[in-house]
Each structure stands twice: as structure tokens, then as C-alpha cells.
Amino acid sequence: MKSLYIKIKSFFHTIEDNIAFYPTLLSFLGFNFAMLMLYLEDKGISAFVIEHAPPLVINNADTAKTLLSFLTGGIISIMVFSFSMVMVLLNQASSNFSPRVLPGLISKRNHQYVLGMYLATILYNTFTLVGIDPKETDKYQLPGFSVLIGIALTVLCFFAFLYFIHSISKSIQVNSILEGIYGKAKDRMLMLVDKERKEAPNFPDTSDWKNYKSKETGYLQTFAAANLINICEENEIELKIIPIPGAFVLKGIPMIQTSKDIDEELVEEILSNFNFAQGEIVDDNYALAFKQISEIGIKAMSPGINDPGTAINTIDYLTELFAIRLQKNDDTIITKDDKSLIYINTINFSELLYQVMVSYRTYCKHDMTCVQKLFIMIKYLLFQQTSNNHYHNSLVSEAQYLYDDANANIDNKEDKRRIEQLYQSLPNKRD
């Protein structure tokens, strides 16, 4: 039962980020609302309203049909324009920034809600039109109140369209994209840091533990921690998750290690608690945010775009994310009642810093403004408190690599003097 729940949750988590999910859901609600209003019309809701508020009810069939037809055609026009704007947005974001930012833009809830409102109103107006009998002359049988609601919904769609134009023009701005990625990664890391402060990071040696292989292929997204804790307690075992969350896992490679041998049935039960997907999500993998932000910065430095200002902005966001990452241990351990049960492999700080810096050193080492910003980032991080003093060693090493690359690629004497000054101003915190 738990396995089925995990699979359903994983499926919903996957389709929720699809651009068609909420529009489909809202259009279904619009259809059902239309059916409800037709039922209420049969019960005489228009007759009740016209007796108490006559100006609110349209009692002419031709007028009602003309209005609904005209307004529905208008909504279809703005809906087509809106979908076209979405496609232009995705194409521009992919070309100017990085294809990796597309899932975040597609899954924006506000855009999906607006598109869903269009579809729901179109379906509502269409089925309300079906309820208008052209031969009916009794004004009390005309669905006048339903027509009024259709007009009100159409007006809301027009306001939603104005909001959509504002929102989509803002979402394509690089600062908005960076802020979105940064915000998700920050929330994720702060949650992990807070959790680590409550759990003692110690775990036994796993070198002689038995490996059990993955039976699926895909990006390891999340796992049901509560279920795995219960399994460990019930079977008196300790568990190590080998792949880094967010990493691409191939079928047949080692997936877990256990403190003692377990049977195939228990292996299946444990593996059923892992969720795999065909893409990476920042909400589940904060390291992806570093990759996305650095890719935006590196692409900004390409000859076709040549935008060092954007590259500098990305370094600012990376500085803050690295400052939070300094507070997190490289080891992630889940405990219960002061007993360590699950060890999760995570990308260590040194490797994360190297992967980001090697990209900037490769593509920005000739640009003095970016080199200055990188030195400022390293200097700031060296003054921050860390959960592990060895993190400072990695920062000092990266400063040395940056210094060597910049000196080898910048010829101007004044620039070299500034680079030397920046490098010498760094505090020496190597342990």
C-alpha cells in the first residue's frame, strides 16, 4: 500500500509541472459548472433572480446568443495569443539563457491558471449556449442568469489577460529567472541546514556493507524518508543511499547498501520508496540551482550574447547560495531517537565549488570585471562561518587557480596589478 502511494505521489508530482495540467483541470471544472447551472436553470433560478433583481437577467434569446458567441470568440483569440506568447517565451529563454530553465518557466502556476481560466470559460459559454432554446418565448425558461455568469467570467478573462501580459513580460527577464532559481535552492538548503542542527551527523563505516542494485533508470528525485525509517527500525538495519539525489541512475548500478544481508522481498520494498523522473528539479536538488545559474552566466559571456553584466549578476546569486552551503555538512544523515538510520550521499562542497569555478575560469578568465567579482565572492565566503573548516581550504585553492588563469590570459599591466592586489587581500585560512 505504501509503495502504491509513493508511485501515485510521484506520478502527480511529475504531471503537476506539465503546462497542460492545471488548464485541463480547470476546463473540467468549467464544464461541470456549466452542467450545474443548466440543472439550476431547470429548477427556476433565473425566475427567482428576475423577480428580485430584474436588471441582472437577460431575457432575450437572440441577445444572449449574440453576446455569448461574440465573447467566446474573443476569448479564443486571446487564448491563441497567450499560447503563442508562451512559446515565444520558452524559445527566447532557451536561446538566451539555458534550456535547463524551461521546466521552471513551464511549471509557473499563475500562467497555467490563466490558460485554464480561458478554457473553462469557453466550455462554460459553449454549453450555456446549448441550453438556449431558440423556439422558447417564455423569458423565465431562458437561462438568463447563466448567461450573466458567462459574461462575468469573460470579463474576468480579459483582466486575467492583462495580468498574463504583465507576468510573462516580467518572467522572461533574467533577474526574475535568477531570483526564482535562487529562491527555490535557498529554501531547500535552509531546510536541510535546520534539519542537520537537530540530528547528530555520525554514521558507521560502510566499506564492508553489501550493495543492492537499481532496477530503474532515471533521475533520482526524492524518496519516502518516513517509510525508509520505519523499514530500518522494523528490520534493525542501517541504510546507505549511494547515488546523489538528482543524479542520473542507470539500471543495474549500486543503489543502496545495508548493514546486514536482506532478502529480495525487502530489497524490493526499499527500492519502491525511491522516485525517478526524466528531468531534474531544483526543489528536490539544490545543486541543480548552482548548475543552472552558472550556465546562464557562462552563456552570457559567449560571443553571440556578450553580456558580462548578467554574468556578474549570476556570481552575486551564487555567492549567497555558497554562503548558505557553507553551513551544511557534506554528510547527510537521517536519525531517529538519536540513532543514525540512513546515510545520504550528497555532492561535497569542494566538488560543487570546483564545478562552478571551472566553468567561470574557462570562459571568464579574460574578462577583468568577472575575475574581480569572483575574487570578491571568494573573499566574502572566507569570512563566513562554516560547518567544516576544510571548506576554507577549497576556497583558497580555487583562488589560486583563478589567480593563475587570470594572469595567464590578461596582458594589461594595470589589470595584473589589480589581480595581484585582490589575491593578496584574501585571508589565509588554509588548515
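How far apart, in nanometres, would the label points at Thr206 and Phe383 be if each is projected 7 angstrom from Cα along the Cα-to-Cβ direction?
If labels sit at Thr206 and Phe383, their model points lie 3.8 nm apart.
Tell me, which longest segment in the chain has none of the chymotrypsin sites (Phe, Trp or Tyr not before Pro) that fall in DSSP loops with at most 15 further Cβ atoms within 10 Å?
Between exposed loop sites, the widest span is 141-382.
Label Glu236 and Asp263 with points 7 Å out from Cα along Cα→Cβ: what is the distance between them in nm?
The modelled label-to-label distance comes out at 1.7 nm.
Does segment 198-271 come out rounded, prolate or oblate by the C-alpha gyration tensor, with a ≥ b ≥ c the root eigenvalues, rounded set by a/c under 1.5 and, if not, prolate when a/b is larger than b/c and oblate if not?
Here segment 198-271 falls in the rounded category.
Label-point separation (nm) for Gln421 and His52, each offset 7 Å from Cα along Cα-to-Cβ?
It is 7.8 nm.
What are the semi-axes of the equivalent ellipsoid of segment 233-369, taken as the square roots of 5 times the eigenvalues of the Cα gyration tensor, listed largest first and rounded to whole Å?
Equivalent ellipsoid of segment 233-369: 38, 16, 11 Å, largest first.
For the chain, go through all pairs of different Cα atoms, get the mean of 1/r, take its inverse, and jot down that Kirkwood value in Å.
Hydrodynamic radius (Kirkwood, Cα only) of the chain equals 25.9 Å.
If you split all Cα-Cα distances of segment 312-431 into 5 Å bins from zero, what percentages do you get per bin, shortest first?
Final binned percentages: 2, 11, 21, 21, 17, 11, 7, 4, 3, 2, 1, 0, 0.
List the residues of segment 345-380 whose backbone N lies under 19 Å from a point placed 7 Å from the Cα of Met191 along the Cα-to-Cβ direction.
345-347
Take the alpha-carbon centre of segment 381-431, take the same for segment 303-339, and report the distance between them in whole Å.
Rounded to whole Å, the Cα centres lie 18 Å apart.
Given a 1.4 Å probe, how much area per residue of the chain is accessible, in Å²?
I get 50 Å² per residue for this part.
Stretched out fully, how many nm does the piece from Glu414 to Val130 gain, at 0.36 nm a residue minus the Cα gap?
Net length gain for the segment: 94.4 nm.
Only sites in a loop by DSSP and with at most 16 other Cβ atoms within 10 Å count here; which trypsin sites (Lys or Arg not before Pro) in segment 148-220 make the cut?
Qualifying residues, ordered by number: Lys215.
On the protein heavy atoms, probe 1.4 angstrom, tell me the percent of accessible surface of the chain carried by carbon and sulfur.
57
Just to confirm my understanding: which cysteines in the chain have no other cysteine beta carbon less than 4.7 Å from their beta carbon?
Cys157, Cys232, each lacking another Cys Cβ under 4.7 Å.
The values are calculated or read from the model by the stated rules, or taken from the named source; none is laboratory data. These figures come from a predicted structure and were not determined experimentally. Reconstructed Cβ throughout: ideal geometry from the backbone, glycine too, with neighbour counts over all protein chains shown. Surface accessibility is based on the protein's heavy atoms, side chains included, excluding ligands, DNA and RNA. Shrake-Rupley method; radii C 1.70, N 1.55, O 1.52, S 1.80 Å.
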